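None of the figures in this text is laboratory data; all of them are computed from the coordinates on show. What you see is a predicted model, and the numbers here were worked out from it, not measured in a lab. Neighbour counts are summed over all protein chains in view; Cβ atoms, including those assigned to glycine, are modelled from backbone coordinates with ideal geometry.
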Amino acid sequence: MTQYDKKALDAYWLPFTSNRSFKKSPTILASAKGAYYYTDDGKKLFDCLSGLWCCPLGHGHPKIAEAVSNQAKKLDYSTAFSAANPDAIELAGRIAAVAPIGMDKVFFTNSGSEAVDTALKIALGYHRIRGEGQRFRMIGRERGYHGVGFGGMSVGGMVANRKMFPTGMLPGVDHLPHTHNPSEMAFSKGQPKWGGHLANELEKLVALHDASTIAAVIVEPVQGSTGVLVPPIGYLERLREICTAHGILLIFDEIITGFGRMGHYFGAQRFNVTPDMITFAKGVTNGVIPMGGVIVNNNIYETFMGVQTPEYAPEFFHGYTYSGHPMASAVGNTTFKIMEEEDLISQVQKLEPILEKAMHSLKVESSVTDIRNIGLAAAVDLKSIAGKPGLRGSTIFKRAIEKGLLIRLVGDTVAVGPPFISTQQEIEDMVAILLQIIEEVPAA
Ligand code: PXG
C-alpha cells in the first residue's frame, strides 16, 4: 500500500467499517475501469457487487464521463424549488415510462435513505390530507434495510443499526417477520416455494393495531443488505391484497432491485405486484453522481394536488437542495440510454441462469449452509467460526482481495451482484475463486 499521510488517514472516519482494523491495513481503491477496480498497490479486483450494488454498467463508461463533463459546462447546478432543469424533467419522464402502470410521478432525492424517509412522509401526508391523520403507524420487516435516516432506521430490521438509537425511533412502528427459514428453503433457486403464508402475519398486525392506525407497509421485494433474501412464491402478492383490503399503502424499497438487477426495470414487474410507491437510488445514475427518489402512484399525487391550500402554496413541504440535481439528472438520462443501447436488461436475463448455476455449485463445500439467488444477485451463508461470528467472513474478505475479488461480506454471508456487463467467464471465474477461498478459510 502507498504510504498515506497519517494525520489525513486518521482524520477519515469510514462508514459501516471497522476503522480500527482498516487503519492498520487500509484497502485503497485508486481507479476503476469496466468491471474492475485497481488498488493503489496495483491489484486488479473484479467488482463482485457492482460497487455497493450501484454500478451495473461498470466503471468509467466513456458516455457517462462525457455527460458529466458536458453538463458541468452547461448547467452545473440549478435550484429545485420553484424551478426545474431540462435533464430532471427528461429523467422523470424516462422513469415514469418504465415504472409500473399508474405510477407516473417522480420525486427526486440524493440517496436511498432520503428516498425512504421521503416515501414515509408522503404516506403520512397522504392519509392526513384524506382526513385519516390517525394512520401514523409504519410496518417494516425483520432483516429489512431502509437506510440510516431516523425513518428508515425505525422501519429497518437490523439490530446493530437500531440498538444505539432507541429514543430516535418513529412512534408506533411494528415489524413483519422475515421470510428466511433454512430448514424449509435452503438452497432454493429463485423464489422459495415455502413461506408465502408468512404474509398473513400482516393480518395479525392489522388485528392488533387496527387498520385505521396503519399508514404504510414498507418492504424490499428482495432483502438485499441482509443477504439476498428472496420472497417466497405468493408472499408479495398476499401483502398487496392485505394492504389493499385495509387502505394501507404498500411501499417497495427498490434501491437494490430497481433499474434492472431483477431482469426487469423494477422488482415490482419481475414479481408482478404493483405497490403504491417505489423508492430508488444507486443504479439510476450508475452510482456516478448520487441520486435517489420515490415513484408515486397517480392517486397519491392527485391527493396532494387536491390539498386545501391556495394554489400558489407548495402542496408538500419537503425537498432537498440537490433534488433533481442537473449533474445527476444528466448522468441518469445517459445511464438510461446506455441500458437501452447495450440491451442490458436482456443481458441480466441471460446472465441470471449462469450466476445461479455457478453459485449453487458452491454447495459442494460442506461449510456452506445456504445459497440464494434471483436476477443478478446471490448470496452464500457460511458456517461461522465457533463463538466468533463474522471472523470467518472478514478473513475471507481480505483473502479475496489477495486473489483479485472485491466481495461483500455481511457477517459470514457472502453477497454478490456482478455488473450487467460481466461475461459468463468472469462470473464462473469469480465463483471458482470464491470456492478456493472458502476452502482455505475453514470454520474450524
Ligand atoms: N434501502 C435499501 C433497500 C438499500 O439497499 C438504502 C435503502 C439506503 O441507501 P443509501 O443511498 O442511503 O445508502 C439501501 C442501501 C450492501 C449495502 O452491502 C447495501 C446498501 C448500502 C451499502 C451497502 O448490501 N443499501
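Taking the Cα centre of each part, how many Å lie between the stretch 301-330 and the stretch 379-444?
Comparing the Cα centres of the stretch 301-330 and the stretch 379-444, I get a distance of 43 Å.
Which pairs in the list Lys7/Lys33; Lys363/Lys383; Lys63/Lys403; Lys44/Lys282; Lys189/Lys363; Lys24/Lys282 are over 19 Å apart, alpha-carbon to alpha-carbon?
Correct reply: Lys7/Lys33; Lys63/Lys403; Lys44/Lys282; Lys24/Lys282.
Can you compute the helix-only [θ] at 222 nm over the chain? Use -39500 (n - 2.57) per DSSP H run of at least 4 residues, normalise by all residues, nearest 500 deg cm²/dmol.
Helices in the chain give a 222 nm mean residue ellipticity of -11000 deg cm²/dmol.
Compute a Gaussian network model of the chain, connecting alpha carbons closer than 10 Å, and tell me which residue from Ile129, Ile64, Ile214 fluctuates the most.
With Cα springs under 10 Å in the chain, the top fluctuation among Ile129, Ile64, Ile214 is at Ile129.
Would you please put 66-76, 296-306 in order of how densely packed they are, using the mean number of other Cβ atoms within 10 angstrom per residue and starting with the highest?
Per-residue mean Cβ counts within 10 Å order the peptides as 296-306, 66-76.
Mind checking the stretch 79-140 for chymotrypsin sites (Phe, Trp or Tyr not before Pro) that DSSP puts in a loop (not H, G, I, E or B) and that have at most 16 other Cβ atoms within 10 Å?
Hits after loop and neighbour filter: Phe81.
Can you give me the span-like helices of the chain, meaning DSSP H runs with 15 Å or more of Cα extent along the axis and Kyte-Doolittle mean at or above -0.5?
For the chain, where a helix must reach 15 Å along its axis and average at least -0.5, the hits are 86-98, 112-129, 235-246, 326-341, 344-360, 391-402, 424-440.
Give the calculated FRET efficiency between Leu75 and Thr423 to the nearest 0.05, with a Förster radius of 45 Å applied to their Cβ-Cβ distance.
FRET efficiency, Leu75 to Thr423: 0.75.
On a full-extension model of 0.36 nm per residue, what is the gain between Leu29 and Ser361, subtracting their alpha-carbon distance, rounded to one decimal in nm?
This chain segment gains 116.5 nm when fully extended.
Roughly what would the spin-label model give for Lys383 and Ala432, points 7 Å off Cα along C-beta, in nm?
2.7 nm
Pairs of Cα atoms under 8 Å, at least six residues apart: use those to get the relative contact order of the stretch 66-341, whole percent.
That works out to 29 percent.
Tell me which trypsin sites (Lys or Arg not before Pro) from the stretch 156-247 have a DSSP coil assignment and no more than 12 other beta carbons within 10 Å of their own.
Within the stretch 156-247, the qualifying trypsin sites (Lys or Arg not before Pro) (loop, at most 12 other Cβ atoms within 10 Å) are Lys163, Lys193.
Return an integer: the convex hull volume of the alpha-carbon atoms of the chain, in Å³ per residue.
Value for the chain: 154 Å³ per residue.
Under unit Cβ charges (Lys, Arg +1; Asp, Glu -1), what dipole magnitude, rounded to 20 debye, does the chain have relative to its Cα centre?
Dipole size: approximately 1020 debye.
Once you sort the root eigenvalues of the Cα gyration tensor of the stretch 248-340 as a ≥ b ≥ c, which label holds: rounded (a/c under 1.5), prolate (a/b larger than b/c) or oblate (the other case)?
oblate
Just grab the label-to-label distance for Glu241 and Ala8, each label 7 Å out from Cα along the Cβ direction, in nm (one decimal).
About 6.0 nm, to one decimal.
If amide hydrogens are placed 1.01 Å from N in the peptide plane, which non-local residues have theirs closer than 5 Å to the one on Gly263?
For Gly263, the qualifying residues are Leu376.
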